């Protein structure tokens, strides 16, 4: 019965049809720099698989332990879930009021040995240990011990976060659902209960494809966006947030205007360019610049933590002695920096555009950004 | 029944009489620089409380999920377990093949908001989330979300680590047992299944008391020591490890000589000196030098991660606007650096001297360092 | 004769009348977020003094050692040039293809002990040692040794940089000229030969004044801007750079379009808010976000290095033992982050607007951004 | 006349016969772990060349600008002075009260583009700019601009440091003298006026050769040692410093006992193992552990800054696009860590043993460590 209940409440949405028909930021006519890959998603980087477990259950007053539940897990496998081959990786924290486990070993060794998970702040632990159990069972341990990478943002405005509703079986479900192809956006996976710029937000993705002279590399970005105050929001440079202020008097369960950053954003950057760890750290640092283009200033309460990995150089981590690795010249790296900035900007706007109005704990209602109004504002600002 | 079973297997050893009668390093005549505090323990820093949950159960062949179990949890409360007042803190990684959660927020905000836990590598997650649940329940959340500090070393040589035997109730038990006063050493708490320099090892502690002209501050150190190869071990500068090589042919369940570092060490440094976060980072970095005095070279497999906190400046974190904090002049800080090096060195040797021979999974037996032989070697090397 | 020649070519422009009559970005109607201080300059932070030495000499073909010379020095004294009292400081590198000396000691000790200088890349050494000589002579050494802070950007496109035309006497001149009050912008001081977004650029400044409920603190920013490719330039969010592409065929000595970032930006953030070193590092990191708002992506060739200091807490560094320092609560810091982002954005646009077309080595001519065209574009994009 | 005078006072000692006949630490019977290379010097790493300019002039009372002069420059070319091919490099600061220019670009790009210089604290600038001038003239610029690496320790106890006696011609001289082969130790090059553990100290070097199964790599270390208080000194683990306290009453120009760390140590680690930048940072961090074995605790006044580079992977930096680089598996790196610790320990003791009693400014006399007494103490402590 328990597993049936879980099956009912967990919706693995990665390939749900409806998700495919929602407009994305470009569909609203919002202009972005650069050229996206075919899916305009992190999965444009060959090998990358994304899995989602979305947990939505209950309504009404908050009863800790009972709900309502608006949360989930996102998992990203750099080389697909069948591979146990580590990738070169690096990370950066623009504002560290958050958690990403496993980063100390990434810094030291230069590799990420497994997938990266993103969930809610209070469920990092259960996901981490369940990831180890899965690795052991699946025979995917790279060392005798495992130091999984699990990041988070806070969904306590909509979700019974202190009810600890994420369970090991959701980790398994997210892993099982992992696939290449289109990635659902908005209220899905770890992004289920997220809010950005005081609109409903969540998971978003985008990609950039470099030209042949630039090396034809792909950069893919996935964000779990939960950050920002309304007045800061810029879309394609236009001061959209200032045009749509949060009503001073909250009505119908809406949240009042925020005086202080309460959110966070996790940004994952994937590329097939052959970058070494110290070069990936440079890429991770550019995520800040894409975030800044949407207006954010990374308030004190924000956990703005970014990870970059490269799917090139397979088989390197397990080499017994010396091994040849492929390295992109620093003289060619700038195009990857620009691509990261551009794809990050678009992934955030995709998270915003892809989200749908949600009512959560205590009937609290967070509105999605109105698409038509965004289109009007694009016109007003010449975009 | 279950809770009874747990009660039986969990031994909160922090005040057990037998622990107090074991010789410590100084009792063997080993010389150390500097002057310890009254307990020669981290609890010489006023306010610091240490709690332990030791989980020992079963014998014989490894049956994952069934045992044998040789593990535990150590918890350190900077201001005692009743306080929810954050402390200034900082951390440093000498070799990051390990985990210490919560460090990104420590770096950013400068505070550690709760206690620090140390457990086995694969139980970091359960301890982290249980720590949040405890904080919520106890009303000790500093922000709406919690980012607990949980560190680890690997006990899989003696313990059924993939059986995940650490449970939320052990976290509660460790917390409940937290107390000032003497600290048990050796096979207790998170240190239960640890091995250092290929001897049985575990939890160790020491302290230094500065002179009045130096400010009369106290520095206390607690280590969970699980690092090092035999030949490296130096005690009071003498090449003790080279005098006691690991037998090339392992007998009676003993481990064969290690060709490669497999271990780790977590070092926690407490002080009542009024140090700011950037000054505490300097202190944390000195733990490396105490570790080095015992011969370690921090091999690739080692998670050598250090945390320093100051119990001065209470009430600062919750200040609504500006607040006066007390700061020690940089011109007075060197004595604290020396004290940290000295107390770290002694805490490691205390962990070694305090441990007792243990037999764990598959009948594997790890010998404690023979005290009499150490005393002989001290004489041989003029110490 | 030599000193006369130097006197002629060195123009200390900090209070030159003409500088005061040039339009600044706001005068062109460009909108920015936030409220500036009275001067909209780094000198709005009480105590801060800025000095400039501008070295312009010769025309025509490059003869290394002879010229033409288009370079200079900018110096910023946090507490005025009469004070030898260190300030809390911190720094951050968004892309480290550049130099800022003295940062290792800032990281370690938390203080900047003297002023910060900015000059051209190949004159950092002469400025550094001359700064020491000045400190010794002026009796302003804080330790027996001195580790001056000297940053740079590259002016070799217009200046005979390998002629090493910056001399110790220019350091003295910059120091002597240091004053509170209005700060000259554009082709002055270290900014003399700078180019940003492929327009003539240079020195720029701006400030933000927080509201009384926010603490009434001031944040001031000074930039030496030498970065960016044309297509990236955004002013107030509008894609200005894309509207004014660099002609593919360079005419009349103009530079051809850049395919690769060649520049850099130094950003200095001053505040009177009582921030500790680890909090100032957070502020320095926000400079990236202001830079990003102008379109930059920090290419490989860029030295994007930022420094933040606080003029609060005077007399702290020399305290013999413990001392009370004032600290702003983290809960109040976000407004300072926003102010930093906003003032950085405006300082960069001020550097661009304040610069004038310059012809340098080999008759190379770099055009200033045409003000009228910017105003047209602001209208086109609804700003 | 001036150039003649300079020629007389600058002694390029790298191949002076007398230097070869001085005993080194091993010659006194001091035991060290590991196996050195043929020269037991950094030049055992193939390609490495070391140059020295030693400037000794004048006696008696300090007259700033006139002398006495006891200073110099050391330069290390990773691939020899004819090569302009950058090496992978990384650095670490154990205590940053010091300067090493160029490190921000090393962090970012992963390469050191030229040699590393070490001189006195107040001559870093002149050496830096002269190094650029030499690079320009010699056609060895890797980018259009140059960001030289120049480190320092303070020799103001013996040298007229504020007389700024290091001149561009000394940089040329050090470069010209650079050679493979034996390296002079003690009072030579940048080490001329240095003091460590309150004995005369200076330049020291050592190396380790790994076994064939370990990869047969070489690790070479060169130190400029100027750190430590007497009581801390440990040689081969024996408390040598405690046995030879500094007389409380200084006689005959001797320095009184130090109450506070005034010194610094620069440690350069070279290897031919194919390490990537993030792996070299790990190596640099191990220098701390070698330093700690000699007793140091890195006081507040110390600039303990370490650099590691690899001579493998030649031709990589200039690659136009992708290039294969050779990388050592992390699983093989621990032996290099141990070698670094061991060679650092020995290089420091070599600097101490190689130095000779020196009288400097104001007749101040610093004694060399008495070799016979060291040998007695080795016996006393069973070594």
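The values are calculated or read from the model by the stated rules, or taken from the named source; none is laboratory data. Note that this is a predicted model, so its numbers are computed, not measured. Neighbour counts run over all protein chains shown; Cβ positions are idealised from the backbone, glycine included.
Return the only residue of D:242, D:214, D:224 being buried (at least 24 other Cβ atoms within 10 Å of the Cβ) and either in contact (Cβ under 8 Å) with a residue 24 or more places away in the chain or within 13 Å of another protein chain (Cβ to nearest Cβ) (or both). Break it down stepwise before answering.
Values: D:242 fails: buried (at least 24 other Cβ atoms within 10 Å of the Cβ); D:214 fails: buried (at least 24 other Cβ atoms within 10 Å of the Cβ).
Of the residues listed, the single one that is buried (at least 24 other Cβ atoms within 10 Å of the Cβ) and either in contact (Cβ under 8 Å) with a residue 24 or more places away in the chain or within 13 Å of another protein chain (Cβ to nearest Cβ) (or both) is D:224.
For the stretch C:21-31, a residue qualifies if it is under 17 Å from residue C:223 (Cα atoms) and either assigned to a loop (DSSP other than H, G, I, E, B) or at pLDDT below 95 (or both), and exactly one does: C:24. Here residue D:233 meets the list (1) away from chain B (no Cβ under 14 Å); (2) within 30 Å of residue D:373 (Cβ to Cβ) almost entirely, failing just condition (1).
Give me a count of the residues in the stretch A:264-295 that are more than 30 Å from residue D:274 (Cα to Cα) and more than 7 Å from every other protein chain (Cβ to nearest Cβ). Going through the stretch A:264-295 one residue at a time, the tally reaches 9. Summed over the stretch A:65-82, residues that are in contact (Cβ under 8 Å) with a residue 40 or more places away in the chain and more than 16 Å from the chain's Cα centre (by Cα) total 9.
Only one of these is over 30 Å from residue A:302 (Cβ atoms) and without any contact (Cβ under 8 Å) to a residue 24 or more places away in the chain: C:376, C:356. Name it.
Values: C:356 fails: without any contact (Cβ under 8 Å) to a residue 24 or more places away in the chain.
It is C:376.
Comparison of D:124, D:116 shows that the only residue that is at the interface with another protein chain (Cβ under 8 Å from one of its Cβ atoms) and either over 17 Å from the mean Cα position of the chain (by Cα) or at pLDDT 95 or above (or both) is D:124.
Quick check on residue A:132: is it at pLDDT 95 or above and within 9 Å of chain B (Cβ to nearest Cβ)? Break it down into steps so the answer makes sense when it comes.
Values: at pLDDT 95 or above: yes; within 9 Å of chain B (Cβ to nearest Cβ): yes.
Spelling it out, residue A:132 is indeed at pLDDT 95 or above and within 9 Å of chain B (Cβ to nearest Cβ).
Give the residues of the stretch D:147-177 that are away from every other protein chain (no Cβ under 14 Å) and either out of contact with any strand residue (DSSP E or B) (no Cβ under 9 Å at 6 or more places or on another chain) or closer than 26 Å to residue C:99 by Cα (or both), sorted by residue number. Steps first, answer last, please.
Initial filter on the stretch D:147-177 (away from every other protein chain (no Cβ under 14 Å)): D:169, D:172-177.
Selection gives D:169, D:172, D:173, D:174, D:175.
If the condition is being surrounded by fewer than 18 Cβ atoms within 10 Å (Cβ to Cβ) and over 25 Å from residue B:161 (Cα atoms), then the stretch B:344-377 contributes B:370, B:371, B:372, B:373, B:375, B:376. Scanning the stretch D:235-257 for residues that are modelled with pLDDT of 95 or more and not in a loop (DSSP other than H, G, I, E, B) yields D:235, D:238, D:240, D:241, D:242, D:243. Scanning the stretch B:76-99 for residues being closer than 18 Å to residue B:275 by Cα and either out of contact with any strand residue (DSSP E or B) (no Cβ under 6 Å at 6 or more places or on another chain) or within 14 Å of chain A (Cβ to nearest Cβ) (or both) gives a total of 7.
Of all residues in the stretch B:349-383, those satisfying the criterion of being within 14 Å of chain D (Cβ to nearest Cβ), under 23 Å from residue B:207 (Cβ atoms) and out of contact with any helix residue (DSSP H, G or I) (no Cβ under 7 Å at 6 or more places or on another chain) are B:378, B:383.
Looking across A:340, A:344, A:297, one residue alone is touching a helix residue (DSSP H, G or I) at 6+ places or on another chain (Cβ under 8 Å), part of a loop (DSSP other than H, G, I, E, B) and in contact (Cβ under 8 Å) with a residue 60 or more places away in the chain. It is A:297.
One line per residue, one yes/no per condition, for (1) buried (at least 24 other Cβ atoms within 10 Å of the Cβ); (2) over 22 Å from the mean Cα position of the chain (by Cα); (3) under 23 Å from residue B:144 (Cα atoms):
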residue: A:197; (1), (2), (3): yes, no, yes
residue: A:228; (1), (2), (3): yes, no, yes
residue: A:246; (1), (2), (3): no, yes, yes
residue: A:253; (1), (2), (3): no, yes, yes
residue: A:266; (1), (2), (3): yes, no, yes
residue: A:273; (1), (2), (3): yes, no, no
residue: A:276; (1), (2), (3): yes, yes, no
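Would you check if residue A:138 is without any contact (Cβ under 8 Å) to a residue 60 or more places away in the chain, facing chain B (nearest Cβ under 10 Å) and surrounded by fewer than 24 Cβ atoms within 10 Å (Cβ to Cβ)?
Against the criterion (without any contact (Cβ under 8 Å) to a residue 60 or more places away in the chain, facing chain B (nearest Cβ under 10 Å) and surrounded by fewer than 24 Cβ atoms within 10 Å (Cβ to Cβ)), residue A:138 does not qualify.
Can you confirm whether the stretch B:315-322 contains a residue that is in contact with a strand residue (DSSP E or B) (Cβ under 9 Å, 6 or more places away or on another chain), more than 7 Å from every other protein chain (Cβ to nearest Cβ), at positive phi and surrounded by fewer than 24 Cβ atoms within 10 Å (Cβ to Cβ)? Yes, the stretch B:315-322 contains at least one residue that is in contact with a strand residue (DSSP E or B) (Cβ under 9 Å, 6 or more places away or on another chain), more than 7 Å from every other protein chain (Cβ to nearest Cβ), at positive phi and surrounded by fewer than 24 Cβ atoms within 10 Å (Cβ to Cβ).
Of the residues making up the stretch B:100-108, one or more are within 7 Å of chain A (Cβ to nearest Cβ), more than 25 Å from residue A:65 (Cβ to Cβ), buried (at least 24 other Cβ atoms within 10 Å of the Cβ) and out of contact with any helix residue (DSSP H, G or I) (no Cβ under 9 Å at 6 or more places or on another chain).
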